[in-house]
Each structure stands twice: as structure tokens, then as C-alpha cells.
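**Q** Right, I'll just put the structure down here and ask away after.
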Amino acid sequence: MAAKIKRLHILRYRGIRELTWRPSSGLNLLLGGGNVGKTTLLEAIGLLLNPTTSYTLADSDYFGRRVEDEFLIEAVMALPCEVNRQPGMAWPWEWNGQDAILAGVEALDDSAAPGAARPSVYKIRVRGTADLELVYEIVQPDDNVGAFSAGLRREIGLVRLLGDDRNDRDLRLIQGSNLDRLINDRGLRARLGHELAADSVDRHLDAEPRARLQLLDEQFVARRLPTQLGLAFTGSAGQSINALIGLTADKEGVVLPLATWGAGTRRLAALAIGDSLQDGHPITLIDELERGLEPYRQRQLIQRIAAGQGQTFVTTHSASVLSAAMGASVWYVDTEGQVGELPTDKISRHLARDPEAFLARLSIVAEGATEVGFLREQLDHALPGWRDLGVHVTDGGGNDDALALLEALSLGGVKFGGFVDNENRHAGRWRAVKERVRQLVFQWGEGNMEQNIIPMFPAGQIRALIEDPAEEKTGLRMRTLADRLETAETTFDALTARARERLGAGADQWTHPLIPWIIDAASGKVPDALQDAPPAQRNPFKGHASAWFKSIEGGHELARKVRASDVWDQHLGELLRPFLEAVVQTQAEPAPIAHRENGE
């Protein structure tokens, strides 16, 4: 059984005012922008489970540097080790799915099946006191507290890769390091001290330094201090002789300390040592997993971690890590420093298709490829340099998939927007999404983009709408209109006359008689008469859309034509202005940190 954090509660630690989080038992992937608290979360867990007593507090470890308010990091944990081996008996609590409760007590929010045994858990914590001291405690069910010893913390097992200094630490025999725990030779320090003392360092000194040491010895004699001074490798409470010993490896026939190898290799080596402990199930903390690793090594590492049995917490800004982290629980740390879960059933497809959507400062989910191109072109005008500002436009893959993705982003706290059609379905779900972000989701009043924008073009600009700037698709577009109008003529004038004839008295409702057929062709609509026809007859009409604007470049083309015509100034600009202004507004400073409990 591996140690698992069931519930983490942080109060007034560094930049976190208050936070409660229930991570998953496997791989927890933490996403979010810079300076939102991802690393602080990992450091809080690292401090709680720190296997040594060497950490020195500073006022910056306290929220707002208010040392007098103290801080608290508390976890409800399932523990594999026998906690009662430490001095003073520790009694377990029971886990009801949300929190630790007294054994035998029924809870209103109990998620266990009636009559089912609830797992035993322990409540552990570390407090930063007003005296800048750390107090480690186990909280008993009767609210008494016992000591949460360094020995027990070492038994739980922790691997930390929060910076290169941690990598170096776990590659040397520093007391409490993973290499020290793996070698586990408690008599080594004494044997080393004996051997090193026998080979005095002072005999290797040059003549002048040796004379200065002799002079110091004479001063010691005069002051009745210990004499016959020499130099040797010694240890102390903070730095032992063992700490001078580290792993080495052969490189082209030369033995080199592993601590001098590349950053990525050092990180992988430190993880390998950790995996050798606790039957390969330590709690592992990795900040920016991609650091020092090529994309293929990032994918290999995250896949190996995901396949393991231990609980792991990883922060990343890498699309390679995200796309390969199948089966991970994905969490988003928002600008308020709070953690929200991104439901895997709603994001898994998009995670593999466009992981950058979860790494941007603002992700805008567009209905499809046309909307992606159209919106990018509009952002070039409304927010120049938007890509460099952290805005990302992603293809939602259709109305239903876009809705599911927007719901997931909403639940997880990601800053997001949407640019979508209105298919008159799922009205309640769409309303809930829009209530969360207001103007950042734009949805047409009815139908799709082509149905709304194409009728805005005045009659005198319809020919320009049809013409392909690259002159590759103009003839093909004329052919799609001829097929729908059931005529062999493909000239603009002939098609216009045919359309007017087909519309009859209804022609006056359109600025130009070809508009309804252009909408149908650009949308890939199958004529009503062929709705029940075999696919061989329907599919060619669906394919007409590819000759028009159903691509990212097609969306750009439509947007440029909107800007070059009267459409933007007279119709569309006013309609899209609130949405575009909301996007621009997201570039303001993030909100201050607040309190929220994930999942509640």
C-alpha cells in the first residue's frame, strides 16, 4: 500500500491565504500561468513530508509576511507504514470520501456504500509558529496531538524535484537524502572519519601554509587549548562527511560525479533513486517536469510516472507532457491561487489534439476551422500581438465538443472564451457556461457564422465574396452554385438570373438573389429533396463547403472580405464589439488571492 494524500489544507502559507484540495491517488498534473501558486503547492507538500529537520523558516514563508498569524499545512493521509512504531500511539481516523471522521460515526456526506468499511487515515500537519519554528504533529481523533517525527516522515517516502539543488542533494549521501536512505549504511560515517583522519590533509599543504598552521598550534599551546593541530575531513550536524560522497558514472572512460551531468540527466537519476525506495511508491513532487528534457524524453518520463502506483504531483508548461499524460488527473491553478479539476471525460480528446489550449493565459474555443481563421483575423485588429500575450484560439471540433470543452474549462477555473454557432440545442448548458464568463462567449442568435455574415454583404459586393483571392477556387465555387441551381451555366450573371427565377416573389428579401445558395454551399447543406437520398447523392453537396470557407484559411479570407467591405462598419463590428472588448480586458492584472474549496 502506498502513502496517499486524501485531503490537503493550507492556511496562510506564502501566497496562499486558504486552500483545500482533494488530489487523486495517482498522477496529478497542475497547470496554470506564472506566479499563481503551483510551485507553492508542491513546496507545501514537501515541507509537510520533509524527511529532515534542516529547513529554516523565513518571514516570506508566511502569508503577507505576517509571522504573528502563523501558517498551517495539514493533510489527511493513508499511510502504509506502522505509525505506532514511533513513541506515543497514534490512533486512526476514518475516511468518508471528503474528510477524516471519527470511527463509527455516520456522516451526511459519506460516499461509502451502506455497511461498507471506511479506510483508515491519519491527520498530520506542520505549523509555522510566530517564533519562526516548525512544529510537526499528528492530530488524534480526540484532538490531542502527538509528534510527527522525522523518522516517520522518512518512512512515508518523498521524492522532490523542485529545483536543481534538490537533484544534487539526492545524488549525494546527505543525511535524509534518497541516496542516503537507499544505501542505508549507518556505520559509514564513522569508518570514513577514521580513514580520512589517518590521511591528514595538512601533510599535503605547501610550506608556507604549513608554517601558519604550526604557528596556530603554538598559540593554542600558550592558551592551554588542544594542540598538535592538523587538517582532516570532518562532519557536523549540518554537513556530514558522507555529504562529500556522491554518485559517479563513467563517460567515455572518465569517472565523473553524476551531479556534473546535464540537468535532465540529474533529474531522471534522482527519480530513479526515489523509485528504488518504498517499493517504487514514494510521493513524488516534480516542478516543471520538462526542465532539461527533450520532448521525447518528456513523453517517456510522464508515461512512466502515469503507469506507476505512487501518488505524483507535477507542474508543467509543456504541450509534450500534456499530450502524453493520458489517465492523469488534470488540475488548473487559476489567478486566484485556487485549484479546480478539468474533467478528463470532457478534455481527453482535446488534450491530445491541442494541449496548448490548456496552457494559455486565455483560451478561446472556436466552433470549427472557419471560426478559428475568422477570429484570428479579427484579433489581429482588436488586440495586436495577441499570441505573445498568451491568447490561444483552438478548434473546438464542432458544437457538441466545443460545449463539452467549455464546460470543462469552466469547472476547472481556466480563463476561457468561446466563439460558437447556435444550433438550438442544450440551451441550459450553454446558459450556464455564458453565466460564468459573460461577454467572453459569443454565440450567434441563430444558426452558424455563414448564415449570419453572408446576408450582410450588399448586392454590389457579392461577386467579390465569391471570388477566390488566389484564383484557385472561383470556378469551383461557381460550379457548386450551378449544381444547387440545377443549371449548366456557371457565369455570375447567368447564375444570378437563375437564382432570381427560382426565388420568384421572395427575391426581394435578399440583398442579392444568390445569397441563399451561397449560404447553403458554404455551409455544406444537403438540399431538402435529397435528405433521404443515399450517401452517394448527399455527400457531394456536403463537400461543397470545402470550396468556400470551411478551413482556417477560408476563415481568414471571409474575415478579410468583411473588413474590406461595408459589412464590418455597418453590421458586424457593433455585434462583435462586446466580445472583442472582453478579450482585450483579460490582459488586465489578475485578481487577488481568495479562498475556495475545490469541488464545492
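**Q** Name the pairs whose Cβ atoms lie under 8 Å apart, with the first residue in segment 129-148 and touching a residue at least 60 places away in the same chain (Cβ under 8 Å), the second among the charged types (D, E, K, R) and part of a loop (DSSP other than H, G, I, E, B), and 6 or more positions between them or separate chains?
**A** Hits for this filter: ALA130/GLU70.
**Q** Which residue pairs have Cβ atoms closer than 6 Å, lie 6 or more positions apart in sequence or on different chains, and pair a first residue in segment 542-556 that is in contact (Cβ under 8 Å) with a residue 24 or more places away in the chain and within 15 Å of ILE466 (Cα to Cα) with a second residue that is open to solvent by less than 20 Å² (accessible area, probe 1.4 Å) and of a type in the set (D, E, K, R)?
**A** Here the result reads ALA547/ARG477, each pair linking segment 542-556 to a residue that is open to solvent by less than 20 Å² (accessible area, probe 1.4 Å) and of a type in the set (D, E, K, R).
**Q** While we're looking at this one, here's another question. Given the conditions (1) open to solvent by 50 Å² or more (accessible area, probe 1.4 Å); (2) under 24 Å from ARG118 (Cα atoms); (3) modelled with pLDDT of 90 or more, and given that ARG85 satisfies all but one, which numbered condition is not satisfied?
**A** It is condition (3) that ARG85 fails.
**Q** Okay, next question. In segment 494-512, what count of residues is obtained for those that are open to solvent by less than 40 Å² (accessible area, probe 1.4 Å) and either among the polar types (S, T, N, Q) or within 16 Å of MET456 (Cβ to Cβ) (or both)?
**A** Result for segment 494-512: 2.
**Q** Which condition from (1) open to solvent by less than 10 Å² (accessible area, probe 1.4 Å); (2) in a loop (DSSP other than H, G, I, E, B) is the one that SER24 breaks?
**A** (1)
**Q** Restrict the check to segment 505-527 and report whether at least one residue is farther than 20 Å from GLN451 by Cα and either among the aliphatic types (A, V, I, L, M) or under 45 Å from the mean Cα position of the chain (by Cα) (or both).
**A** Yes, segment 505-527 contains at least one residue that is farther than 20 Å from GLN451 by Cα and either among the aliphatic types (A, V, I, L, M) or under 45 Å from the mean Cα position of the chain (by Cα) (or both).
**Q** Return the only residue of VAL314, VAL255 being open to solvent by 10 Å² or more (accessible area, probe 1.4 Å) and either at pLDDT below 90 or within 27 Å of ALA357 (Cα to Cα) (or both).
**A** Values: VAL314 fails: open to solvent by 10 Å² or more (accessible area, probe 1.4 Å).
Sole residue among the options that is open to solvent by 10 Å² or more (accessible area, probe 1.4 Å) and either at pLDDT below 90 or within 27 Å of ALA357 (Cα to Cα) (or both): VAL255.
**Q** For GLU155, only one of the following conditions fails: (1) modelled with pLDDT under 75; (2) surrounded by 17 or more Cβ atoms within 10 Å (Cβ to Cβ). What is its number?
**A** (1)
**Q** Restricting attention to segment 530-549, does a residue exist that is open to solvent by 70 Å² or more (accessible area, probe 1.4 Å), of a type outside the set (Lys, Arg) and within 30 Å of GLY417 (Cβ to Cβ)?
**A** yes
**Q** Listed residues GLU489, GLU553, GLU471; which is open to solvent by 60 Å² or more (accessible area, probe 1.4 Å) and at pLDDT 95 or above?
**A** GLU553
**Q** Another question, if that's okay. Can you tell me which residues in segment 284-311 are under 13 Å from the mean Cα position of the chain (by Cα) and open to solvent by 20 Å² or more (accessible area, probe 1.4 Å)?
**A** Across segment 284-311, the qualifying residues are GLU288, GLU290.
**Q** Among strands (runs of 3 or more DSSP E) lying entirely in segment 348-442, which contain 3 or more residues that are touching a Pro at 6+ places or on another chain (Cβ under 9 Å), surrounded by fewer than 19 Cβ atoms within 10 Å (Cβ to Cβ) and at pLDDT 95 or above?
**A** none
**Q** OK, next. Go through (1) touching a helix residue (DSSP H, G or I) at 6+ places or on another chain (Cβ under 9 Å); (2) free of Cβ contacts under 8 Å to residues at least 60 places away in the same chain; (3) closer than 21 Å to GLY524 by Cβ for GLU472 and report which single condition fails.
**A** Here GLU472 clears every test but (1).
**Q** Let me ask something additional. Within segment 322-346, track down each residue that is touching a residue at least 60 places away in the same chain (Cβ under 8 Å), in a helix (DSSP H, G or I) and either of a type in the set (S, T, N, Q) or crowded, with 23+ Cβ neighbours inside 10 Å (or both).
**A** Of everything in segment 322-346, just one residue is touching a residue at least 60 places away in the same chain (Cβ under 8 Å), in a helix (DSSP H, G or I) and either of a type in the set (S, T, N, Q) or crowded, with 23+ Cβ neighbours inside 10 Å (or both), namely LEU322.
**Q** Might you let me know whether segment 444-466 holds any residue that is farther than 30 Å from HIS426 by Cα, open to solvent by 60 Å² or more (accessible area, probe 1.4 Å) and either of a type in the set (D, E, K, R) or assigned to a loop (DSSP other than H, G, I, E, B) (or both)?
**A** yes
**Q** Suppose we keep only residues that are assigned to a strand (DSSP E or B) and of a type in the set (D, E, K, R) within segment 135-165. Which one would you say is farthest from VAL76 (Cα to Cα)?
**A** Applying the filter and picking the extreme gives ARG160.
The values are calculated or read from the model by the stated rules, or taken from the named source; none is laboratory data. Small disclaimer: the values here were computed from a predicted structure and weren't measured. Glycine gets a Cβ as well: all are built from the backbone with ideal geometry, and neighbour counts include every protein chain shown. Keep in mind that these areas ignore ligands, DNA and RNA; they rest on the heavy atoms of the full protein, side chains included. Shrake-Rupley method; radii C 1.70, N 1.55, O 1.52, S 1.80 Å.
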